[in-house]
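**Q** Here it is, the structure, as structure tokens.
The values are calculated or read from the model by the stated rules, or taken from the named source; none is laboratory data. Just so you know, these numbers come straight off a predicted model, no measurement behind them. Glycine gets a Cβ as well: all are built from the backbone with ideal geometry, and neighbour counts include every protein chain shown. For accessibility, only protein heavy atoms count, side chains too; no ligands or nucleic acids. Shrake-Rupley method; radii C 1.70, N 1.55, O 1.52, S 1.80 Å.
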Amino acid sequence: GQGGRTHLVSPAMAAAAAVTGRLTDVRGLVYDLRPPALDQLGLVLAIQDYAEQCVLDDEAGMHVTVTAPEQLPPLSAAVEVAAYHIAREAITNATRHARARSCSVRLAPEDAAGRLDLILEVSDDGVGLPAERPAGVGLHSMRERAEELGGKFSVGPSSDGGTRVSARLPIGEE
């Protein structure tokens, strides 16, 4: 017959499981520091790729467009990571909270009094920001990412009643 089996968990097996868990934690931290998509695809395509995932996950079928010049100026790793995470968070907010039908992401270099900045704008046609809104963790982290680099961050109403997130990140001297 089918005799019952007793599973013994040895200290070595328990240690291996703990190490595997730690590796998963470290991978998550590394991903937050520098998402692999940035190295594999570059900033614009990485944002586009994330937007496509959101569209697929969204039952309402939100439409996302990503607009950027053919070639962005060389960006530091810090600027790329900040721009990617800000765009990602803003797209996520448009999908989850704003019930938006469309969302547009725009990346463009802009001359700012002798230095070059990367402008990142994410606008949606969702329900907009509530009048009494406590700043959530997402908005706080987007602002923090921009300001850590000496950049600027703002959030407000978009032209079509939704929300517009804007970040200006310094690229460097012209």
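**Q** Is the C-alpha gyration tensor of the stretch 60-134 telling us rounded, prolate or oblate? Criteria: a/c under 1.5 is rounded; beyond that, a/b larger than b/c is prolate, otherwise oblate.
**A** Working: a/c = 2.30, a/b = 1.84, b/c = 1.25.
Judged from the Cα gyration tensor, the stretch 60-134 comes out prolate (a/c at least 1.5, a/b above b/c).
**Q** With r as the distance between the Cβ atoms of Glu110 and Leu45 and R0 = 30 Å, compute the FRET efficiency 1/(1 + (r/R0)^6) and round to 0.05.
**A** Working: r = 21 Å, r/R0 = 0.71.
Efficiency at R0 = 30 Å is approximately 0.90.
**Q** Also: How much of the accessible area of the stretch 52-170, probe 1.4 Å, is carbon plus sulfur, in whole percent?
**A** Numbers: 3120 of 6380 Å².
Roughly 49 percent, rounded to a whole number.
**Q** Over the stretch 32-149, what is the mean sequence separation of C-alpha contacts under 8 Å (at least six apart), divided by residue count, expressed as relative contact order in percent? The partial results should precede the final answer.
**A** Working: 135 pairs, mean separation 29.1, N = 118.
Computed value for the stretch 32-149: 25 percent relative contact order.
**Q** Something else: From the phi angles alone, apply the Karplus equation (6.51, -1.76, 1.60; θ = phi - 60°) to the stretch 73-83 and give each ³J(HN,Hα) in whole Hz, x where the residue is Gly or Pro.
**A** Computed from phi, the couplings for the stretch 73-83 are x, x, 10, 5, 4, 5, 5, 4, 5, 4, 4 Hz.
**Q** Residue by residue through the stretch 148-161, which ³J(HN,Hα) values in whole Hz follow from phi under the Karplus form 6.51 cos²θ - 1.76 cosθ + 1.60 (θ = phi - 60°), with glycine and proline marked x?
**A** In residue order, the calculated couplings are 4, 9, x, x, 10, 9, 9, 9, x, x, 8, 5, 9, x Hz.
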